[in-house]
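The values are calculated or read from the model by the stated rules, or taken from the named source; none is laboratory data. Computed from a prediction, not measured in an experiment: that's the story for all the values here. Neighbour counts are summed over all protein chains in view; Cβ atoms, including those assigned to glycine, are modelled from backbone coordinates with ideal geometry.
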Amino acid sequence: MSQDIHFSQFNGSLLNISPAFTGFFDGDFRVSAIYRSQWQSVPVPYSTISVSGEARLKPKVFVKDMIGLGVTFNNDIAGDARYGTTQLYVSGSYINPLKQDSSLLMSVGMNIGFCQVGFDYNKMTFDNQFDGLQYNSGITTGEKFDWTKYNYADINLGGAIQYRFKRKHRFIYGLGANHITTPVITYQGNNLSKLDFKFVNYVAYSVQMSNKTDLVTDAVINFQGKYYEVVPHASLKYYFNRDLNKAVLLGASWRARDAVVIRLGYHEKTLQSGIAYDINTSKFTAATNRRGAFEIYVNYVIRRQTNYSVKKRVCPVFM
């Protein structure tokens, strides 16, 4: 439904939603990775991976505000011609606790990326190479490409807000404005093909239902060019130990007019992980037999240990 890579477990790849999520977590560092294998049952399989690393910093010049710095690497390979997209983004954000207890946070961010798209010309065949009886690789293709790889720069902006209410409710809204410059992608030296501007809405809400269970919901709504994508999700989170955040999650997502997604997750302390499987429901089921995609993600937050030292003061009575 759009030109960009996408994941069913979009919460496992937040930097691809909005650069405002850079450093938008409780800790000092976060590393994330997600892998998706799609449509292996048909001749045009897709394989997508995204890896990111972030740091949340608090410069001494700031009283309560923080900044986030991050880097994201994406790689997507599709089809027999190995059409590939490789992206490297560097992101930064400014995080402001709007309330003293940090129950309300706001963030704005930006990232700049170096991107490359391309295909393997040697794996392609053309009508001109049919000699009347069979395919003949020695016959000229009759096709002309100025190049088979193309590089371009990309700029994305975003904002995010988080609100915690009575320690039981958490609400997050993220906004992404991607491909601000609508870069051109071409293999024939013209300006006819542009990467459309993409507008992303991300909303998440979780609530503690009992001592053992939480309801976790989120959704992403993408608009790109004349296309759109809507993916709502809901899971039940069951705690083995709430103090250690040791829990399992079971739920489902629905990608409108495309797939139903079964999701299973595991959390422990600052580790989050999940696996998902897409059951294809679109008209493409004639080829897929309802087999869609397998996906797995993991992210881990690191908190620096702070050594507590007792401050000694001279008693003025005995000076």
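For K212, are the conditions met, namely being farther than 30 Å from E143 by Cα and modelled with pLDDT of 95 or more?
yes
Residue by residue, here is whether (1) out of contact with any Gly (no Cβ under 9 Å at 6 or more places or on another chain); (2) over 30 Å from F165 (Cβ atoms) holds:
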site	(1), (2)
S32	no, no
R36	yes, yes
S52	no, no
R56	no, no
G84	no, yes
N96	yes, no
V108	no, no
F114	yes, yes
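Checking the conditions here, which among N222, N211 is crowded, with 20+ Cβ neighbours inside 10 Å, over 20 Å from S37 (Cβ atoms), touching a residue at least 12 places away in the same chain (Cβ under 8 Å) and in contact with a Phe, Trp or Tyr (Cβ under 8 Å, 6 or more places away or on another chain)?
The match here is N222.
Could you check how many residues of the range 140-173 are of a type in the set (D, E) and either closer than 17 Å to Y94 by Cα or assigned to a strand (DSSP E or B) (or both)?
Taking the range 140-173 as the starting set, the residues that turn out to be of a type in the set (D, E) are 143, 146, 154.
Retained after the next criterion (residues that are either closer than 17 Å to Y94 by Cα or assigned to a strand (DSSP E or B) (or both)): 154.
The number of residues fulfilling the criteria is 1.
Among G109, G92, which is the only one that is of a type in the set (G, A, S), modelled with pLDDT of 95 or more, under 28 Å from N299 (Cβ atoms) and touching a Pro at 6+ places or on another chain (Cβ under 7 Å)?
After ruling out the rest, the residue left standing is G109.
Does any residue in the range 9-24 that is at negative phi come within less than 9 Å, Cβ to Cβ, of a residue that is among the aliphatic types (A, V, I, L, M) and in a helix (DSSP H, G or I) six or more places away or on a different chain, and which pairs are these?
Short answer, once both residue conditions are applied: F21/L14; F21/L15; T22/L14; T22/L15; F24/L14.
Can you tell me which condition M110 does not meet? The list is (1) among the aliphatic types (A, V, I, L, M); (2) within 17 Å of G53 (Cα to Cα); (3) out of contact with any helix residue (DSSP H, G or I) (no Cβ under 8 Å at 6 or more places or on another chain), and all the others hold.
All conditions pass for M110, except number (3).
For F29, are the conditions met, namely being more than 18 Å from G174 (Cα to Cα), modelled with pLDDT of 95 or more and not polar (S, T, N, Q)?
Taking the combined requirement at face value, the residue satisfies it.
If you check K198, K226, K237, which single one turns out to be closer than 15 Å to L264 by Cα and among the charged types (D, E, K, R)?
Working: K198 fails: closer than 15 Å to L264 by Cα; K226 fails: closer than 15 Å to L264 by Cα.
Going through K198, K226, K237 in turn, the sole match is K237.
Just one of Y187, Y152, Y173, Y135 is closer than 27 Å to Q87 by Cβ and over 25 Å from the mean Cα position of the chain (by Cα); which is it?
The unique qualifying residue is Y187.
Of everything in the range 258-277 that's assigned to a loop (DSSP other than H, G, I, E, B) and in contact (Cβ under 8 Å) with a residue 60 or more places away in the chain, which residue is surrounded by the fewest Cβ atoms within 10 Å (Cβ to Cβ)?
So the residue we want is T270.
With respect to N201, is the statement that it is in contact with a helix residue (DSSP H, G or I) (Cβ under 9 Å, 6 or more places away or on another chain), part of a strand (DSSP E or B) and not acidic (D, E) true?
no
Considering only residues that are loosely packed, with under 15 Cβ neighbours inside 10 Å and in contact with a strand residue (DSSP E or B) (Cβ under 7 Å, 6 or more places away or on another chain), which ones fall in the range 149-170?
Result: K149, N151, A153, K168, H169.
Just name the residue that is surrounded by the fewest Cβ atoms within 10 Å (Cβ to Cβ) out of those in the range 43-57 that are part of a loop (DSSP other than H, G, I, E, B) and under 25 Å from the mean Cα position of the chain (by Cα).
Here the answer is V44.
Do we have D214 as in contact with a Pro (Cβ under 8 Å, 6 or more places away or on another chain) and of a type outside the set (A, V, I, L, M) here?
When the stated conditions are applied, D214 does not pass them.
So which residues in the range 174-198 are assigned to a strand (DSSP E or B), of a type outside the set (D, E, K, R) and surrounded by 15 or more Cβ atoms within 10 Å (Cβ to Cβ)?
First pass over the range 174-198, keeping only residues assigned to a strand (DSSP E or B): 174-178, 184, 194, 198.
Then keep just the ones that are of a type outside the set (D, E, K, R); that gives 174-178, 184.
Correct list: G174, L175, G176, A177, N178.
Looking only at the range 1-42, count every residue that is within 11 Å of the chain's Cα centre (by Cα), among the hydrophobic types (A, V, I, L, M, F, W, C) and either part of a strand (DSSP E or B) or surrounded by fewer than 16 Cβ atoms within 10 Å (Cβ to Cβ) (or both) and tell me the total.
2
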